[in-house]
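Colleague: My questions all concern the structure below.
The values are calculated or read from the model by the stated rules, or taken from the named source; none is laboratory data. Everything numeric in this text was worked out from a predicted model, so none of it was measured. So basically every Cβ, Gly included, is an ideal-geometry build from the backbone, and we count neighbours across all protein chains shown.
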Amino acid sequence: MTPAAPTGLLVLDKPAGITSHGCVAGVRRALGTRKVGHAGTLDPMATGVLLVGVGRATRLLGYLAGHDKDYEATIRLGLSTVTDDREGEVVSTAEPRSVEAITAEAIEGSVAALRGEIDQVPSSVSAIKVDGKRAHALVRAGEDVSLTARRVRIDRFDVLQIRRGDGWIDVDVAVTCTSGTYVRALARDLGDELGVGGHLTSLRRTRVGGWGVTDAIAWTSLTTSEHPAEFLIPTSEMARRAFPTLEVVDPLAVENGRPVSSYLQADVTEPTALLSQDGRLLALVGPKPPPSTGVGYLAVFVP
């Protein structure tokens, strides 16, 4: 008999120097399967929590990517780069006297101005598509890219430590934000607020939704394991940790494709996991997204 294809969620602690796509390729090799994807891109320089779906669990990744996230980062004030991080070419350097004049109180005040709901212009080297091409590819090809501001929410933007050097200030920060927020853009905007420019020198994602770094496995643990599938979190546990749940008395109604409204006992206003009485994940349901109109539900069947 052909062994069943692996299915589940991997919570990886991504190391620096590898792309999120590179992590996906490594998981494919380790598990011997092609159906692998990730939720929420991390840049090569960034480390931390990367959610990787395998098999049928890939159907839930789009919903996991929308969860809030925590980051720890270091922002260097006094220099701006083309990529808003340390990997890009320096495009401006502030006068040392201007940097020296910045007080801790000024930094705290400018950080506070970037909390709450803000209209953020994404970094020009983001993965956002412009005329069918990734913005970062256009920038690296020498083209000018202008992106539209988008509304994001910064629930936490706290200064942890301030260190001063010759013509620069490093600010360690903790950030909690909604999906779609660019921490590189926060570094850029903080530097602009203070009039000296800024960029990101380190970034670590410490949480995505219900998963933190304590849940994550090291990259080397995965790639050197003789039984990497043992790290997979089953879809039922994955759903219980990520979404509200409803128990369905008649799982056959779900499995046989009956209309969602026929077996829901309550209105569903957000993505919700439907579980059988023995704890199996049957489907993920939620209101139909725009531009749908009228009453109706969208169901994502995982099993």
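Colleague: Within segment 144-184, which residues are within 21 Å of Pro44 (Cβ to Cβ) and without any contact (Cβ under 8 Å) to a residue 60 or more places away in the chain?
Modeller: The answer is Val145, Leu147, Gly180.
Colleague: Here's another thing I want to ask about it. Looking at Val248, is it surrounded by 19 or more Cβ atoms within 10 Å (Cβ to Cβ), more than 26 Å from the chain's Cα centre (by Cα) and modelled with pLDDT under 75?
Modeller: Judged against the criteria, Val248 is not a match.
Conditions tested, residue by residue: (1) out of contact with any helix residue (DSSP H, G or I) (no Cβ under 8 Å at 6 or more places or on another chain); (2) surrounded by fewer than 17 Cβ atoms within 10 Å (Cβ to Cβ); (3) within 22 Å of Gly88 (Cα to Cα).
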residue	(1), (2), (3)
Ser146	yes, yes, yes
Val152	yes, no, no
Gly165	yes, yes, yes
Thr181	yes, no, yes
Val196	no, no, yes
Ser202	yes, no, yes
Val208	no, no, no
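Colleague: Within segment 277-291, is there a residue that is surrounded by 14 or more Cβ atoms within 10 Å (Cβ to Cβ), modelled with pLDDT of 85 or more and of a type in the set (S, T, N, Q)?
Modeller: no
Colleague: Within segment 14-39, how many residues are in contact with a Ser or Thr (Cβ under 7 Å, 6 or more places away or on another chain) and either in a helix (DSSP H, G or I) or touching a residue at least 40 places away in the same chain (Cβ under 8 Å) (or both)?
Modeller: Here the count works out to 5.
Colleague: Does segment 196-213 hold any residues that are farther than 16 Å from Val52 by Cα and either modelled with pLDDT under 95 or in a strand (DSSP E or B) (or both), and which are they?
Modeller: Listed by number, the residues that qualify are Gly198, His199, Leu200, Thr201, Ser202, Leu203, Arg204.
Colleague: Another question, if that's okay. Answer with yes or no whether Arg164 is under 24 Å from the mean Cα position of the chain (by Cα), at pLDDT 95 or above and of a type in the set (Lys, Arg).
Modeller: It is false that Arg164 is under 24 Å from the mean Cα position of the chain (by Cα), at pLDDT 95 or above and of a type in the set (Lys, Arg).
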